[in-house]
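Everything on this sheet refers to the single structure shown next.
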Amino acid sequence: MSELPLRAQLAAALGKGAASLSRATGRGDGSVIGGRIALKVEPDLLSKLARGRRLTLVSATNGKTTTTRLIASALRQLGEIATNEHGANMPTGHITALSNRPNARNGVLETDEKYLPQVLRETAPAVVVLMNLSRDQMDRASEINLLAKKWRDALAMSDTHVIANADDPLVAWAGLGARNATWVSAGQRWKEDSWCCPECGGHLKRDPDPHWECPECGLRRPDTTWAVNNATDTVTDPNGQEFRLQLHLPGDANRANGVIALATAAAYGIHPEQALPRLREIESVAGRYTSIVTSGVEVRLLLSKNPAGWLESFAVLDPPRVPVILSVNAQIPDGKDTSWLWDVDYTVLRGRRVFVMGERRTDLALRLETDEVPFEVVDRVDQVIGRLKSEQPDITKIDVIANYTAFQQIRTAYGRVQ
Ligand SMILES: [Zn+2]
């Protein structure tokens, strides 16, 4: 911090003051307000705070908070890390993360997809990590194509090293704009937003998975040096060496996050043998995958904000005998329009006890009826537990899939567990 010009030091100090005040008055962790005040005093603050550090920016539609956390954990091998672990992923949050750790030489910043080009210009990161791009809430496919184009253009103007998922055509096309890239085969489960070639609009040939190519213009999946194997729970590194992942975080989506984190750690000179024990320490990220125990029943919380996210959550559900609660709200952070619920295939829930709640429970109910999935409409988690316990006293587990504010409401009701 002492190398910062006086004005930038003042801006950072003011920002921190505002953040502590915000925390003290119970208005959240203060990342946003602190950064906002600091930016007023020094508009160039983010560039100044980033100077002289080796930063990684992490962007994607899904999994960026978790992957940021995994990478930060691996990089702690090198000493102090600056990171926005509370998920404030716009420039104001980045300013707070960097000014809170003035002496951290290395940093990992989760970055909102739309802000990536700007943050890339301002922070000149050593590494940019790109994982997946799909419709978030009500974005349209044309909007994510435009976003990929902006990523591609911004990367072409920078010297950064890209670490990207080659299996996602939009992400790969954006990453191909960069001069240096490490390609990772991290898989792609949600393919509905990437049937068309990002370069020419041609229909992509996607066989055998994960290969893809465009018969029209010849754009094809880049050759990869890192790969995840979901069936064996292993990762292969560029030397062909295999490592067991054994993460605590569940499912293929987290295996994808894990291989990306290992490739990023390797770019900082950290071997997978050193990084893996640190990745395995993480059991929950901002309450996701946490289990709450209430009335002797373990309630596991899964956050899913968009169609691709719901598909990932279905993939990590417990065996069919474990009931599931689906909860959907439609507040501003969720998006008011929840018609994306119709893009998800619910037939995998057949044969399972399903409860629906949240502000959009009737929409969910209609959707499930269309997919011929029996369901019960409820208001609260404890109501479900009460009903289940009266019918089945030995019930021990329930899964909950919820979108953003529905998820936060449940966390708050049970005391905001980490
Ligand atoms: Zn093409």
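The values are calculated or read from the model by the stated rules, or taken from the named source; none is laboratory data. Note that the coordinates shown come from a computational prediction; the quantities given were computed from them, not determined experimentally. Here the Cβ is made from the backbone with ideal geometry for all residues, glycine too, and neighbour counts use every protein chain on show. These area figures cover heavy atoms from the full protein model, side chains too; ligands, DNA and RNA do not enter into them. Shrake-Rupley method; radii C 1.70, N 1.55, O 1.52, S 1.80 Å.
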I'm told residue 193 meets every condition in (1) crowded, with 22+ Cβ neighbours inside 10 Å; (2) not in a loop (DSSP other than H, G, I, E, B) except one. Can you identify the failing condition by its number?
(2)
Restricting attention to the stretch 204-249, which residues are near the ligand (Cβ under 9 Å from one of its atoms) and either of a type in the set (Val, Ile, Thr) or surrounded by fewer than 16 Cβ atoms within 10 Å (Cβ to Cβ) (or both)?
215, 216, 217, 218
Residues in the stretch 86-100: is at least one open to solvent by less than 60 Å² (accessible area, probe 1.4 Å), aliphatic (A, V, I, L, M) and more than 27 Å from residue 270 (Cα to Cα)?
no
Of these, 148, 154, 227, which one is more than 23 Å from residue 310 (Cα to Cα) and not in a strand (DSSP E or B)?
154
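Conditions (1) out of contact with any Phe, Trp or Tyr (no Cβ under 9 Å at 6 or more places or on another chain); (2) within 28 Å of residue 199 (Cα to Cα); (3) surrounded by fewer than 22 Cβ atoms within 10 Å (Cβ to Cβ), marked per residue:
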| site | (1), (2), (3) |
| --- | --- |
| 72 | yes, no, no |
| 76 | yes, no, yes |
| 80 | yes, no, yes |
| 119 | yes, yes, no |
Wholly inside the stretch 68-143, strands (runs of 3 or more DSSP E) that include 1 or more residues that are out of contact with any helix residue (DSSP H, G or I) (no Cβ under 6 Å at 6 or more places or on another chain) are 106-110, 127-130
Taking the stretch 28-70 as the search range and keeping residues that are surrounded by 24 or more Cβ atoms within 10 Å (Cβ to Cβ) and β-branched (Val, Ile, Thr), which one is nearest to residue 4 (Cα to Cα)?
56
Checked pairs for the stretch 197-225, first under 30 Å from residue 240 (Cβ atoms), second near the ligand (Cβ under 8 Å from one of its atoms) and charged (D, E, K, R), C-beta under 6 Å and 6 or more apart or across chains, list as 219/199
Looking at 373, 400, which one is part of a strand (DSSP E or B) and either open to solvent by less than 10 Å² (accessible area, probe 1.4 Å) or farther than 24 Å from residue 192 by Cβ (or both)?
400
Neighbours by Cβ (under 6 Å, 6+ apart or cross-chain): first from the stretch 172-183, assigned by TED's automatic domain parsing to the domain that holds residue 226; second assigned to a strand (DSSP E or B)
175/130; 175/162; 175/164; 175/181; 178/162; 180/161; 181/162; 182/163
Might you check whether a residue that is surrounded by 15 or more Cβ atoms within 10 Å (Cβ to Cβ), within 16 Å of the ligand (Cβ to nearest atom) and under 22 Å from residue 268 (Cβ atoms) occurs anywhere in the stretch 177-184?
no
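Considering only the stretch 367-387, how many residues are under 19 Å from residue 343 (Cα atoms) and in contact with a Leu (Cβ under 9 Å, 6 or more places away or on another chain)? It would help to see each step written out before you state the result.
Within the stretch 367-387, the subset under 19 Å from residue 343 (Cα atoms) is 367-375.
Cutting the leftovers down to in contact with a Leu (Cβ under 9 Å, 6 or more places away or on another chain) gives us 367-368, 371, 373-375.
Here the count works out to 6.
When you look at residue 256, is it closer than 24 Å to residue 176 by Cβ and at pLDDT 95 or above, yes or no? Before you say what the answer is, go through the steps one by one.
Values: closer than 24 Å to residue 176 by Cβ: yes; at pLDDT 95 or above: yes.
Yes.
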Every pair of residues 6+ apart whose Cβ atoms lie under 8 Å, when the first sits in the stretch 364-378 and is at positive phi while the second is surrounded by fewer than 17 Cβ atoms within 10 Å (Cβ to Cβ)
372/347; 372/350
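Whether any residue in the stretch 134-146 is within 29 Å of residue 343 (Cα to Cα) and modelled with pLDDT of 95 or more is what I want to check. Step through it out loud before you land on a result.
We begin by selecting, within the stretch 134-146, every residue within 29 Å of residue 343 (Cα to Cα); these are 134-146.
Keeping just the survivors that are modelled with pLDDT of 95 or more gives none.
Within the stretch 134-146, not a single residue is within 29 Å of residue 343 (Cα to Cα) and modelled with pLDDT of 95 or more.
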Report every pair of residues separated by at least 6 positions or lying on different chains whose Cβ atoms are under 8 Å apart, first residue within the stretch 155-166 and of a type in the set (Gly, Ala, Ser), second open to solvent by 10 Å² or more (accessible area, probe 1.4 Å) and assigned to a strand (DSSP E or B).
164/181; 164/182; 164/183; 166/183; 166/185
Pick from the stretch 341-363 the residues that are of a type in the set (A, V, I, L, M) and under 26 Å from residue 254 (Cα atoms): which of them is surrounded by the fewest Cβ atoms within 10 Å (Cβ to Cβ)?
348
